[in-house]
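Working notes, structure below.
The values are calculated or read from the model by the stated rules, or taken from the named source; none is laboratory data. Keep in mind that what you see is a predicted model, and the values were worked out from it rather than measured. Positions of Cβ are backbone-derived with ideal geometry, glycine not excepted, and every protein chain shown enters the neighbour counts. These area figures cover heavy atoms from the full protein model, side chains too; ligands, DNA and RNA do not enter into them. Shrake-Rupley method; radii C 1.70, N 1.55, O 1.52, S 1.80 Å.
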Amino acid sequence: MTIKKLEHIPLSGELPSPKGVALAILEMCRRDDSTIAEIARVAQTDPALAGRLIRQANAAATGGGRPVASVTDAILRLGMGTVRNLALGFSLVDQYQNGPCAQFDYQRFWSHSLLMGLAMQRFCVMTGAGSAEELFACGLLARVGCLSLATVYPTEYAQLLQRAEAGRTLAELEHEYLQTDHNELTAALLGEWGIPSALIEPIYHHEAPDKSGFSPGSRPHQLAHLFYLAKCVADLGVAAECERNGRTAELLLLGGKIGLNAEELGATIDELVRSWREWGELLRVPASALPSFAQMSATHAPRPDDPANAAALRILLVDDDATTRCMLEGVLSGTLGHSVACASNGREALALALETMPQIVITDWMMPGMDGLELCRALRANDWGQTIYVIMLTSIEEEDEIVQAFETGVDDFLTKPVNIRTLRARLRAAWHYVQLLEAWERDRAQLKQFAAELAISNRRLAHAAMTDLLTNLPNRRSGMNALSKAWAASHRFGQPLSVMVLDIDHFKRVNDEHGHAVGDTVLREVAQAIQQSARKDDSVCRMGGEEFLMVCQNSDLKSALLAADRLRRMVEGLTIRAGAAQIRSSVSIGVASREPGMNDADALVNAADRALYKAKQAGRNRSCVIIQGQLRCLP
């Protein structure tokens, strides 16, 4: 993506910006000659900021590190970039506790942002995705575009928030009415404040990470999904009580994708909520006292007094007496609002049950043809009928008869003539049973989904252990294994062995000018060209970044050098299309062959590395070779 600059976004007011000490720190961090001691002196003039930096530095300590007590030590531990981001975030929190937009909840915004920052920090520690402290600040500022639009357009944004429609995202409404959106503005502001583009791009896409275009397995892809997970945690934190249970299901799925089971995710979120409340007091930001994640994720059936839920029952009524049947149908359907199907005998009821799939069957005992007990046995004999709640109507009150009915599979009974209050009570119990059954079925379906995703994850992990997920080439580990085998075979059979180390020229420029998504496309296209040029017995791998290794078995130096130059020309001729961009690329290649005096495969790769360095020094887009320690480049 190409991040829009602020001057290219239609705005007509003053944007949120840091002031005072935070602004001074931001300006100092932009200068190359600023020192940690100078930044510490400035930070110490704001006691609140100094305390927050020390607290964050001590929170960052891992492995029982020594606590810090001075601002200088805190900055040393956090790093100047992280201190800049934290000072920026804390400054905005202090300044914008309220504002001119009537419909924008400033306190809720910062409460959500704080929890998102803490969650991002925690998930980064767990996954090793980057600097946890830097990503805490990024999570805190990930939705600063919303605050900015409320600040620049207070009246218009208030009206927009009132027009919120189901099925349309906030960003879509913002674009329609303001010709920009909070994600676009967030990205522009973060760029203006000096946040690296490698972090801005995942933040821009975090609300819909699957639509980002990032390659699965790449760092931007991982960060975008972690920001989304952190946002979902923050959404749970500020959700109304009635919404919390619904939000936990998605969190369980997202947690499973980063290797957390339900108990581990629950413990993590409970700890995050505790930290959220502590930081909330420090920053004067509201943070709710939530129930435990286990309590929020537990399925609670609503009370049957709720008419909307009670009316959801599908009932099959079976009675050979038309008067009783009509009276009960009127009560069940007309008075209580249930969906009722009627049958006059057991056989008719069995066929109707298969068609309507009732949740409850209310059946008379004594009926011609197939009585109530026979109907119950027939229902229980089928998988689909085993979970139906059966209520038997009877005038028989003898204990042995009732025991027989329960042993047959009846769940409850009503004596004739039916008392309406008693019928309501029996239906209340049946309704609870139906709700519990549906909750169990949801849990079972979710468990199956977890199991399926776990199996897929395990297969992906096995594949990822030896594969570079961006290019789908073998990774460094796999490539070095292949090299070790080729080295052993060369030694055993006296065969020549050559390697090429390749590097894409000016790759950083591609990322800086076109964005990481385009850079990923270039990597994939070049990797495909390398793979296509390899012979059947050659092994290709991505070593990391823009560097690749090709192991050429039973290939002498001359053959390897010719193959290298052929590959170089192939890449030079590529036109790589990524959206509107057309990229031309080239590679520099170092070639080396096994020679006497090389003790192991690492020595061979090191020789090829030296040749690669020479190729870059000589102007790039060329192949160089090392022979008996002498470096030579093809013209």
Q.
Restricting to segment 160-208, and then to whatever is more than 29 Å from Ser218 (Cα to Cα) and among the polar types (S, T, N, Q), can you tell me which residue is surrounded by the fewest Cβ atoms within 10 Å (Cβ to Cβ)?
A. Gln162
Q) When you go through Leu561, Leu549, Leu523 one by one, which is the residue that is in contact with a Phe, Trp or Tyr (Cβ under 9 Å, 6 or more places away or on another chain), surrounded by 22 or more Cβ atoms within 10 Å (Cβ to Cβ) and either among the hydrophobic types (A, V, I, L, M, F, W, C) or at pLDDT 95 or above (or both)? A) Leu523
Q | Of residues in segment 21-50 being touching a residue at least 60 places away in the same chain (Cβ under 8 Å) and not charged (D, E, K, R), the one surrounded by the most Cβ atoms within 10 Å (Cβ to Cβ) | A | Ile25
Q: Name every residue in segment 617-632 that is open to solvent by less than 50 Å² (accessible area, probe 1.4 Å), within 11 Å of Ser588 (Cα to Cα) and not aliphatic (A, V, I, L, M), in order of residue number.
A: Asn621, Ser623, Cys624
Q: Inspect all residues belonging to segment 194-213 and state whether any of them is basic (Lys, Arg) and not in a helix (DSSP H, G or I).
A: no
Q. Taking segment 359-384 as the search range and keeping residues that are modelled with pLDDT under 85 and not aromatic (Phe, Trp, Tyr), which one is surrounded by the fewest Cβ atoms within 10 Å (Cβ to Cβ)?
A. Asp383
Q) Which of the residues spanning segment 351-374 are out of contact with any Phe, Trp or Tyr (no Cβ under 6 Å at 6 or more places or on another chain), closer than 18 Å to Val340 by Cα and not in a loop (DSSP other than H, G, I, E, B)? A) Ala351, Leu352, Ala353, Leu354, Glu355, Thr356, Val361, Ile362, Thr363, Asp364
Q.
Condition first: surrounded by 11 or more Cβ atoms within 10 Å (Cβ to Cβ) and either at pLDDT below 80 or closer than 18 Å to Asp319 by Cα (or both). Now tell me which residues in segment 403-421 satisfy that.
A. Ala405, Val410, Asp411, Asp412, Phe413, Leu414, Thr415, Lys416, Val418, Asn419, Ile420
Q.
I'd like to know if segment 108-120 contains one or more residues that are under 30 Å from Tyr157 (Cα atoms) and open to solvent by 40 Å² or more (accessible area, probe 1.4 Å).
A. yes
Q. Gln386 versus (1) touching a Lys or Arg at 6+ places or on another chain (Cβ under 9 Å); (2) closer than 21 Å to Gly337 by Cα: which is the lone unmet condition?
A. (2)
Q) Looking only at segment 317-337, which residues are assigned to a loop (DSSP other than H, G, I, E, B) and open to solvent by 20 Å² or more (accessible area, probe 1.4 Å)? A) Asp320, Asp321, Leu336, Gly337
(Q) Contact list please: Cβ distance under 6 Å, first residue in segment 367-393 and among the β-branched types (Val, Ile, Thr), second residue in a strand (DSSP E or B) and open to solvent by 10 Å² or more (accessible area, probe 1.4 Å), pairs at least six apart or on different chains. (A) Ile391/Asp412
Q.
Between a residue in segment 166-184 that is at pLDDT 85 or above and any residue that is of a type in the set (S, T, N, Q), which pairs come within a Cβ distance under 6 Å, given they are 6 or more apart or on different chains?
A. Ala171/Asn183
Q) When residues of segment 385-402 are filtered for being of a type in the set (S, T, N, Q), open to solvent by 50 Å² or more (accessible area, probe 1.4 Å) and farther than 21 Å from Val434 by Cβ, how many remain? A) 1
(Q) Being open to solvent by 10 Å² or more (accessible area, probe 1.4 Å) and under 18 Å from the mean Cα position of the chain (by Cα): is that true of Arg143 here? (A) yes
(Q) Taking the criterion of being surrounded by 15 or more Cβ atoms within 10 Å (Cβ to Cβ), of a type outside the set (Val, Ile, Thr), touching a Gly at 6+ places or on another chain (Cβ under 9 Å) and part of a loop (DSSP other than H, G, I, E, B), would at least one residue in segment 579-588 satisfy it? (A) no
Q: Being assigned to a loop (DSSP other than H, G, I, E, B) and of a type in the set (Ser, Thr, Tyr) is the filter here, so list the residues in segment 592-635 that pass it.
A: none
Q) Quick check: anything in segment 71-90 out of contact with any His (no Cβ under 8 Å at 6 or more places or on another chain), over 15 Å from Glu134 (Cβ atoms) and small (Gly, Ala, Ser)? A) no
